[in-house]
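**Q** My questions all concern the structure below.
The values are calculated or read from the model by the stated rules, or taken from the named source; none is laboratory data. Please read all numbers here as calculations on a predicted model, not as lab measurements. Note that we place each Cβ from the backbone using ideal geometry, even for glycine, and neighbour counts take in every protein chain shown. Just so you know, the surface numbers come from the protein's heavy atoms only, side chains and all, with ligands and any DNA or RNA stripped out. Shrake-Rupley method; radii C 1.70, N 1.55, O 1.52, S 1.80 Å.
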Amino acid sequence: MSGRTVSQHVLSCVLPTAYILCNKSVLTLHGFKFPSVFLSWQILVAITAIILVSRPVLSFHDFTSSLPESLLYVIVIYTGSRSLGVLSLPLFIGAEFLSLHCIETYILYQKTKLRSSLHVVTGVLCFILLCILGQDIPRLQLGFLIAHSAAYGTQWHISRTKTITLSRTVSCLVCGTVFLILYGTVSGEITRAAIFDYSHTHFKLSLLLSGILSAGVTLTDDKEKKEHVSRCVAARAALTLMVGFVFGFSGDAVQVLIGSFFVFILLLDCYFSRAVSDPATNAGGEEVVV
């Protein structure tokens, strides 16, 4: 594996981890409860970065054809912000991972007929841990979490099965910003955000950093090779949880304990996912079933 490939994999894990933790800081520590405004700011920074770095050629067809994807994107990031601002990090990260894990397992069974008992076991264990972590959360937050996980998994599957050009990505982001601004205007979030106290230096730095990280995640997301997605997702989730422990974003002692076991499961899945995502071949060219 080349040094450039390694650096891409590192960035695909580190940037999303920093992005999620920064968002958690803004939404939880600073109490900024206006996700439509917060996400519009992040998307505008990401669009500016893409245009300055890559200068994509935009077309009207990209805007019109990306409307369904834009709506799905808005659902993902809005429900994610509503969940992340309230729920513990192990519950949030675990729900995202389980959604991707289930979709990937189903795809592998349909396409390659590969059977990996370990892959199934890790999914079942993740589901049990999520049930334990989420037994006391309000129904509204549970609804946001389920909606986020389902939309997140669907978006991930679409990104793997379709060729997404940079111009289409920008078009999707622009349309998503329009949707968020319209929602923020109708719901009154923009009006309430206008009177928020923005004087704290740490909050302003966190807000600025969240925009920069949003741009970095968007620019590096398409560089992640599809055959390594399973490993990157598991490694990213484990890294986010471990760093979250340090910053105190993992809830009470019981949730930290369950989250630690979650990390073990994720690392285990990450270690063995190569056998699932990239089936080895023997001398005769036949697949080796794990």
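**Q** Determine which single condition HIS202 fails, assuming it passes every other condition in (1) modelled with pLDDT of 75 or more; (2) out of contact with any His (no Cβ under 8 Å at 6 or more places or on another chain).
**A** The single condition HIS202 does not satisfy is (2).
**Q** I need the full set of residues from the range 89-104 which are surrounded by 24 or more Cβ atoms within 10 Å (Cβ to Cβ) and either over 22 Å from SER36 (Cβ atoms) or touching a Pro at 6+ places or on another chain (Cβ under 9 Å) (or both), in order please.
**A** Of everything in the range 89-104, those that are surrounded by 24 or more Cβ atoms within 10 Å (Cβ to Cβ) and either over 22 Å from SER36 (Cβ atoms) or touching a Pro at 6+ places or on another chain (Cβ under 9 Å) (or both) turn out to be LEU89, PRO90, LEU91, ILE93, GLY94, PHE97, HIS101.
**Q** Within the range 183-190, can one find any residue that is at pLDDT 85 or above, of a type in the set (Ser, Thr, Tyr) and open to solvent by 70 Å² or more (accessible area, probe 1.4 Å)?
**A** yes
**Q** May I pose another question? Kindly indicate whether any position in the range 168-185 is over 22 Å from the mean Cα position of the chain (by Cα), among the β-branched types (Val, Ile, Thr) and in a helix (DSSP H, G or I).
**A** Checked against the condition, which is being over 22 Å from the mean Cα position of the chain (by Cα), among the β-branched types (Val, Ile, Thr) and in a helix (DSSP H, G or I), the range 168-185 yields at least one hit.
**Q** If HIS202 meets every condition in (1) exposed (fewer than 12 other Cβ atoms within 10 Å of the Cβ); (2) not in a helix (DSSP H, G or I); (3) not basic (Lys, Arg) apart from one, which number is that one?
**A** (2)
**Q** Which of the helices (runs of 4 or more DSSP H) contained wholly in the range 1-104 include at least 1 residues that are within 23 Å of LEU219 (Cβ to Cβ) and within 16 Å of the chain's Cα centre (by Cα)?
**A** 3-24, 35-54, 67-84
**Q** Can I ask one more? Which of the numbered conditions does ILE75 fail, given that it passes all the others? Conditions: (1) crowded, with 20+ Cβ neighbours inside 10 Å; (2) at pLDDT 90 or above; (3) farther than 23 Å from ALA194 by Cβ.
**A** (1)
**Q** Taking the range 126-138 as the region of interest, how many residues are outside any loop (DSSP other than H, G, I, E, B), crowded, with 17+ Cβ neighbours inside 10 Å and out of contact with any Asp or Glu (no Cβ under 9 Å at 6 or more places or on another chain)?
**A** 3
**Q** Which of the residues spanning the range 57-72 are surrounded by fewer than 17 Cβ atoms within 10 Å (Cβ to Cβ) and within 12 Å of LEU166 (Cα to Cα)?
**A** VAL57, LEU58, SER59
**Q** Being touching a residue at least 60 places away in the same chain (Cβ under 8 Å) and either among the hydrophobic types (A, V, I, L, M, F, W, C) or touching a Cys at 6+ places or on another chain (Cβ under 6 Å) (or both) is the filter here, so list the residues in the range 74-91 that pass it.
**A** VAL74, ILE75, VAL76, ILE77, LEU84, LEU89, LEU91
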